[in-house]
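Below: one structure, written as structure tokens.
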Amino acid sequence: SGIVQVDGSKEFTYTVPESFNGALRVMAVTVNDDSVASATSTTTVRGDIVLLPNVPVAITPGDEVEIGIGVANNAKGSGKDAPVALTLNVSPGLEVVGPATQELKISERAEGTTKFRVKAKAGAQAHLGSASVTFSASVKEARARLTTDVSIRPASAFVTLVQTGMFRGEATLDSQAPMYPTFKRSEAAISASPWAFTAGLIQYLDVYPHGCTEQITSQTFPAIVLSTQPGVAEQLLKLDRQAGPGVKKPDANKTFERYLAQVRARQSGDGGVAMWPGSSPDLFATTYVVSLLLEAKERKFAVPNDMLQRANVYLQMRLAEASTHDYNWRVQAQAAYLLTRQGVVVTAALNNLSENLRNRVSSARSEGERESTRADLGAVYLAASYQILKQEKIALELLQPALHDLATNTDPWRRWYWYYYYDPLVYRATTMQLIALHFPAQIKQLPMDFWTRMGSAIRDNYYQSLSAARILLAIDAYAAAATQSAAGKVGVSAVDRAGAIKALELPQQFALASLAVPLDAAKLKMSSGGELPLFYSWAESGYEMNVPTEAVSKGLEIIHEYLNDKGDVVREARVGDELTVRVRVRSIGRDVQQVALVDVLPGGMEPVLSSPSDDDEPNMPIWRRRLGGNSTWEIEYADIREDRVIFYGDVNSNMTEVTYKVRATNVGEFVVPSAYGEAMYERRVFGRSAGASFKIKPAD
């Protein structure tokens, strides 16, 4: 009721849900200036008919599950063997197999049981999401009704497929995969500038399913960057037509506030930010968070000064450490740049980092290695730092190798690699951003097809969460530099028949067309009568409709099995049985870092969880304490949900495995979803096990 003023007496009314049976407690607390008092009363709510169904938490399109239900007859005067009519109604995503109405003989004050068989519709008829199961019962004048929900979720992981590029004249794009229409998003963007590339990347970040510090930071960058690009944001963030009228764009300030709450929980006492909740502070995670805070501060967001200053102290502390690896040196150079950008004097650190660069160049074993070392992103960060300090000569010397690499390396994807948040796409996007911010006069040295190459990399799925955000920042900085360069040099005029000239006012932002593509579209055709090429992007997000019948190994091999108590691989069990899930994984060809492996349980199964106890090993991870089982795979973090477990860790060429317990809870025939794994920063490296089926029989 909340807090209510009562003068003398007041009556309160509460409607008990029709599904509730049991003890109902009513409590009251009264307070005035002199005293406080309380009272409580309990009553028993007992319907004429009590329904107790056993419905699984989640099922998959194509599953056929047996739902048991207990019925208690409390109707007064119904007598012996009273006929109880029981009917099952389901929402459109489900169908009842067999009769939907049954008649039970249940005597007064007695109980009975029965079962129905329900199937989740598959293919084009599938409806993903929450589905309702409604039981209705009657005996003489007594009535009862109970509705419960079951989640219909697909047997595939959520994916975002992006196609980008440039075209002249006409172009045709094919849809990349058949997806369930529910939760699907399909959006295209077209423009005369690289902004169109970001439409698909923003959608990719918007629905990104994982949550390390880098990933939640990358997800927040679009809201920050586009806050100062209202014309572009209106198109890029335009909601799907399917969302309906009256739906507003996400509030950038609220997005930023949610992000700050997450980061605060990961910031330690020394100011460093952890990559995962509960883990140790990480230098890269801290520099990336600081970079977002600086971008937000420059765009007038309310950045907490204490959070930023504590992170700065951590960066200064880490700059004093010796660089033992190239990625440490690179991130230290980034930290020095971020501090210099804020006016913090780190001259000694810049000198040490520059000396480290010279030593690495001199110790290189080949000319190619020396060139790549000189052109490293860390050198570009150092160049930007010296440029801020007005030491232009040193800055330009450090920048030239990177400029030369961007101009001459026409196929940077030929030898693709990813190592500790660094790959060719991150390098090229961040280098472009730093050049546009601090060396705008040098942009003219870049090749005309620079953005064409970037678009090809996106189209071929070389991007990931970090590079997607970096590309957005690069395009924002490039567009600002290009606008400043063209200021006052572009004009459009209209001339009438008499020869009078009238200058037309140009918009401040180039119009970007953002289109909602029909969900059933198999192709997208584009045409242009202009002489200049147009940029395009088509992003499709959703759940793939087809369950893979064969395993796929693109750099990762995954084997998924269920074992009985004897250790045998099984495809069937009985209700109440405990099974062991065994997921084996290895890399093919080379080690793979930062892998996310999603293991979705079939309908009719649930994980067997336990609470941590004092008897556990002191260094045992929380997920091991909850899931139990064993693991030879060094898992960094595990996200345990009610119908799936997501594991994160590095994978090498040795076959490693993780096991945990599940329990069979419902009778039926279920689709076994594929266990799907991908390298989060090398999206072309992925694997999945073959889909299968599993049968759960009644208990003995």
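The values are calculated or read from the model by the stated rules, or taken from the named source; none is laboratory data. Everything quoted here is computed from the prediction, not taken from an experiment. All Cβ positions, glycine included, derive from the backbone under ideal geometry; neighbour counts span all protein chains shown. For accessibility, only protein heavy atoms count, side chains too; no ligands or nucleic acids. Shrake-Rupley method; radii C 1.70, N 1.55, O 1.52, S 1.80 Å.
Points worth noting:
- Residue check, Thr44 out of contact with any Phe, Trp or Tyr (no Cβ under 8 Å at 6 or more places or on another chain) and among the β-branched types (Val, Ile, Thr): yes
- Of all residues in the range 618-636 being open to solvent by less than 70 Å² (accessible area, probe 1.4 Å) and part of a strand (DSSP E or B), the one that is nearest to Gln594 (Cα to Cα): Ile635
- Hits in the range 365-391 - residues which are in contact with a Ser or Thr (Cβ under 7 Å, 6 or more places away or on another chain) and within 18 Å of Asn328 (Cα to Cα): Leu377, Val380, Leu382, Ser385
- For the range 386-411, filtered to residues that are among the charged types (D, E, K, R) and part of a helix (DSSP H, G or I), the residue that is most open to solvent (accessible area, probe 1.4 Å) is Lys393.
- Hey, Ser553 open to solvent by 40 Å² or more (accessible area, probe 1.4 Å) and modelled with pLDDT of 90 or more or not: yes
- Residues (among the small types (Gly, Ala, Ser) and more than 25 Å from Tyr681 (Cβ to Cβ)) located in the range 424-446: Ala441
- Subset of the range 177-210 (residues that are farther than 30 Å from Pro92 by Cα and in a strand (DSSP E or B)): Ala188, Ala189, Ile190, Ser191
- Of the residues Ser138, Ser151, Ser130, Ser156, the single one that is free of Cβ contacts under 8 Å to residues at least 24 places away in the same chain and more than 22 Å from Ser537 (Cβ to Cβ) is Ser130.
- The range 390-408, residues that are in contact with a helix residue (DSSP H, G or I) (Cβ under 7 Å, 6 or more places away or on another chain) and farther than 17 Å from Ala436 by Cα: Ile394
- Candidate set: the range 95-113, residues that are surrounded by 15 or more Cβ atoms within 10 Å (Cβ to Cβ) and of a type in the set (Val, Ile, Thr); chosen: the one farthest from Phe670 (Cα to Cα): Ile106
- Tally of residues being open to solvent by 20 Å² or more (accessible area, probe 1.4 Å) and of a type in the set (A, V, I, L, M, F, W, C) across the range 668-684: 1
- Members of the range 262-318 that are open to solvent by less than 10 Å² (accessible area, probe 1.4 Å), within 21 Å of Ile622 (Cα to Cα) and part of a helix (DSSP H, G or I): Val263
- Against the test of being open to solvent by less than 20 Å² (accessible area, probe 1.4 Å) and among the β-branched types (Val, Ile, Thr), the options Thr347, Thr340 yield a single qualifying residue, Thr340.
Rundown of residues vs (1) part of a loop (DSSP other than H, G, I, E, B); (2) modelled with pLDDT of 75 or more; (3) open to solvent by less than 70 Å² (accessible area, probe 1.4 Å), yes/no style:
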site: Gly488; (1), (2), (3): yes, no, no
site: Pro518; (1), (2), (3): yes, yes, no
site: Gly529; (1), (2), (3): yes, no, no
site: Phe535; (1), (2), (3): no, no, yes
site: Glu540; (1), (2), (3): no, yes, yes
site: Ile558; (1), (2), (3): no, yes, yes
site: Asp565; (1), (2), (3): yes, yes, no
site: Gly589; (1), (2), (3): yes, yes, no
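- When the range 462-478 is filtered for residues that are open to solvent by 10 Å² or more (accessible area, probe 1.4 Å), in a helix (DSSP H, G or I) and either within 19 Å of Met680 (Cβ to Cβ) or touching a Pro at 6+ places or on another chain (Cβ under 8 Å) (or both), the ones remaining, listed by number, are Arg470, Tyr478.
- Listed by first and then second residue, the pairs with beta-carbon distance under 9 Å, at least 6 apart or on different chains, first residue in the range 13-35 and closer than 21 Å to Ala137 by Cα, second outside any strand (DSSP E or B) and open to solvent by 100 Å² or more (accessible area, probe 1.4 Å), are Asn21/Arg46; Gly22/Arg46.
- Single residue of the range 55-94 satisfying the filter (among the charged types (D, E, K, R) and either surrounded by 15 or more Cβ atoms within 10 Å (Cβ to Cβ) or in contact (Cβ under 8 Å) with a residue 60 or more places away in the chain (or both)) that is farthest from Ser136 (Cα to Cα): Asp63
- Count of the range 7-59 residues which are more than 43 Å from the chain's Cα centre (by Cα) and in a loop (DSSP other than H, G, I, E, B): 14
- Just one of the listed residues (Arg365, Arg414, Arg374, Arg358) is under 20 Å from Ala320 (Cα atoms), free of Cβ contacts under 8 Å to residues at least 40 places away in the same chain, basic (Lys, Arg) and open to solvent by 70 Å² or more (accessible area, probe 1.4 Å), and it is Arg358.
- Hey, Phe197 more than 22 Å from Asn253 (Cα to Cα), touching a helix residue (DSSP H, G or I) at 6+ places or on another chain (Cβ under 8 Å) and open to solvent by less than 10 Å² (accessible area, probe 1.4 Å) or not: yes
- Some residue of the range 341-349 being part of a helix (DSSP H, G or I) and within 19 Å of Met432 (Cα to Cα): yes
- Filtering Gly123, Gly129 for residues that are at pLDDT 85 or above and either on the phi > 0 side of the Ramachandran plot or open to solvent by 10 Å² or more (accessible area, probe 1.4 Å) (or both) leaves a single hit, Gly129.
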